[in-house]
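Colleague: Below you will find the structure I want to go over with you.
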Amino acid sequence: MMAAAGIRLERLTRRFAHRVKGEVYAARDVSLTVAPGELVTLLGPSGCGKTTTLRMIAGFERPDAGRVLIGEEDVTGLLANRRNIGFVFQNYALFPHLTVFENVAYGLRVQRLAQDRIAAAVGEVLALVGLAGYERQFPQQLSGGEQQRVALARAIVTRPRVLLFDEPLSNLDAQLRVRMRAEIRALQQALSITAIYVTHDQEEAMAISDRIAVMSRGTIVQEGTAEALYRRPASEFVARFIGRVNLVPARVVAAGGGHVEVEVGDHRLRLAGVEAAAASGEKVRLVVRPEAVALAPAGGDGLAGVVRTRVFLGEKVEYQVGVGDDTLQVTRYAGAADAAFTPGTVVTVHLPTAGVGLLPAGA
Ligand SMILES: Nc1ncnc2c1ncn2[C@@H]1O[C@H](COP(=O)(O)OP(=O)(O)OP(=O)(O)O)[C@@H](O)[C@H]1O
Ligand SMILES: [Mg+2]
């Protein structure tokens, strides 16, 4: 492998004419730095501009503004085939009339490498993706997972400086997706290839990435590690997109000294370690993850609630608990020494007092 190169996107922008909406920004001022050997995922809902951004990096789409740098080289004006980038698509895009060997060898033939070097390189990457012995098969004789491995082998055989993935697993069944994402991650780390990965699946993004950039409507709205995004979402959009969440309406009654005191209904909570600025009297929403909420038999200090639903999922139980006019999502793990609360049970709900984020009150 060539020494890994970083990627820098500087205010990449791409507009399209839209029949109904006029001009739409598929990508707008997208700036992102990916360190050498790092895997960063663009995560966001359908139509938020992930593919457009990836295509501009690959050179399949020209930006209206902004720059793409690989290493220190500005590649914005370079043709796709001059960028030394590997690309893995959702639909494999294998040549159906070529064997596995020839599919993988394709990029090396274009480079006019000698036959013995091609054979050695193809053999090496097929072994890496677990397909040694498949050389003479044709794509239609392979399963979806095997076809995607061929596509991966084809993308890395030319030793690209950068690998781009656009929803590479979305045609596979759920179990295979989980296995393949682990394989892709292991391979990317073993070869320390710089990679940008696109998905709309938050769990996949969390499992595979060093960092995640969350996109909405053509822009990156927040980036960070999966944990940072989960614990400190900067907006309702990110809070809801990364994991399940309760946004609990509250009012600040006192703030200072690293603590914020809030009122939820007629209940007071003293929150520690709140990073957001909050002023007394301000209406806010607490970012409370379902697993941070505890349930106890009725009585004692806490919020009064009624269990509405209980779903047993093996290692965890998911509850919906009515508190006032709101419904809280509560997840309890099998290890937690909770009683099993059946629907209709009156319970006391304990909100967490640490690790709680604050967002401004909703519109
Ligand atoms: N060639 C094009 N012409 C016109 N509009 C386009 C074109 N390509 C993309 N768009 C628009 O740009 C926006 C972003 O599209 P893009 O394909 O980048 O989204 P995406 O995040 O990859 O979505 P998905 O998850 O569905 O693949 C969409 O509104 C789309 O309709
Ligand atoms: Mg797409």
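The values are calculated or read from the model by the stated rules, or taken from the named source; none is laboratory data. The structure presented is a predicted model; accordingly, all values stated were derived computationally and were not measured. Virtual Cβ from ideal backbone geometry, glycine too; neighbours counted across all protein chains shown. Keep in mind that these areas ignore ligands, DNA and RNA; they rest on the heavy atoms of the full protein, side chains included. Shrake-Rupley method; radii C 1.70, N 1.55, O 1.52, S 1.80 Å.
Colleague: Mind checking the angle between helix 100-110 and the chain's longest principal axis? C-alpha axes, 0 to 90 degrees, to the nearest 10.
Modeller: Helix 100-110 sits roughly 70 degrees off the main axis of the chain.
Colleague: Now for a different question. I'd like the per residue volume of the convex hull spanned by the Cα atoms of the range 252-291, given in cubic angstrom. The partial results should precede the final answer.
Modeller: On the way: hull volume 3.3 nm³, N = 40.
Dividing the Cα hull volume of the range 252-291 by its residues yields 81 Å³.
Colleague: Over all alpha-carbon pairs of the range 94-167, lay out the pair-distance distribution in 5 Å bins, whole %, shortest bin first.
Modeller: Final binned percentages: 3, 18, 31, 26, 17, 5, 0.
Colleague: With the Cα gyration tensor of the range 7-240 in hand, give its eigenvalues times 5 under a square root as the equivalent ellipsoid semi-axes, listed largest first in whole angstrom.
Modeller: Working: eigenvalues 185, 83, 55 Å².
Working through the eigenvalues yields semi-axes of 30, 20, 17 Å.
Colleague: Moving on. What is the angle, in °, between the Cα long axis of helix 174-190 and the longest principal axis of the Cα atoms in the chain? Nearest 10 is fine, range 0 to 90.
Modeller: For helix 174-190, the angle is close to 70 degrees.
Colleague: Something else: Once you charge only the Cβ atoms, +1 for Lys and Arg and -1 for Asp and Glu, what is the size of the charge dipole of the range 181-322 about its Cα centre, to the nearest 20 debye? Please report the intermediate quantities before stating the final value.
Modeller: Details: 17 positive and 17 negative charges, 49 e Å.
I would put it at about 240 debye.
Colleague: While we're looking at this one, here's another question. What list of ³J(HN,Hα) values in whole Hz, one per residue of the range 342-357 in order, does the Karplus curve 6.51 cos²θ - 1.76 cosθ + 1.60 (θ = phi - 60°) give from phi, with Gly and Pro shown as x?
Modeller: Taking θ as phi minus 60°, the curve returns 8, x, x, 5, 7, 10, 9, 9, 9, 7, x, 10, 9, x, 9, x Hz for the range 342-357.
Colleague: Below 15 Å, Cα to Cα, which aspartates and glutamates can Lys316 reach? Residues fewer than 8 away in the same chain don't count.
Modeller: Of all the aspartates and glutamates, those that pass the test against Lys316 - Cα under 15 Å, at least 8 places apart if same chain - are Glu291, Asp338.
Colleague: Still on this model: Which of the trypsin sites (Lys or Arg not before Pro) found in the range 118-190 are loop residues per DSSP with 16 or fewer other Cβ atoms within 10 Å of their Cβ?
Modeller: Values: sites: Arg136, Arg149, Arg154, Arg161, Arg177, Arg179, Arg181, Arg185; in loops: Arg136, Arg161.
Within the range 118-190, the qualifying trypsin sites (Lys or Arg not before Pro) (loop, at most 16 other Cβ atoms within 10 Å) are Arg136.
Colleague: What do you get for GluC sites (Glu not before Pro) in the range 249-308 restricted to DSSP loop and a cutoff of at most 14 other Cβ within 10 Å of the site's Cβ? Working shown, then result.
Modeller: Working: sites: Glu261, Glu263, Glu275, Glu282, Glu291; in loops: Glu275, Glu282.
When the GluC sites (Glu not before Pro) of the range 249-308 are filtered for loop state and at most 14 Cβ neighbours within 10 Å, Glu275 remain.
Colleague: Continuing with the same structure: Setting aside same-chain residues fewer than 8 positions from Lys283, which lysines have a Cα under 22 Å from its Cα?
Modeller: Once the sequence-local lysines are set aside, nothing remains near Lys283.
Colleague: Here's a follow-up. Of the trypsin sites (Lys or Arg not before Pro) in the range 244-352, which ones lie in a loop per DSSP and count no more than 14 other C-beta atoms within 10 Å? Mind showing how you got there, number by number?
Modeller: Values: sites: Arg244, Arg251, Arg268, Arg270, Lys283, Arg285, Arg308, Arg310, Lys316, Arg332; in loops: Arg244.
Counting only loop positions with at most 14 other Cβ atoms within 10 Å, the trypsin sites (Lys or Arg not before Pro) in the range 244-352 are Arg244.
Colleague: Counting only protein heavy atoms, what percent of the accessible surface of the chain is carbon or sulfur at a 1.4 Å probe? Let's see the in-between values first.
Modeller: Details: 8830 of 17520 Å².
Within the chain, the accessible surface is 50 percent carbon and sulfur.
Colleague: Output ³J(HN,Hα) for the range 296-305: one whole-Hz value per residue in order, computed from phi by the Karplus curve 6.51 cos²θ - 1.76 cosθ + 1.60 with θ = phi - 60°, and x for Gly and Pro.
Modeller: These are the phi-based 3J(HN,Hα) values: 9, x, 3, x, x, 6, x, 8, 7, x Hz.
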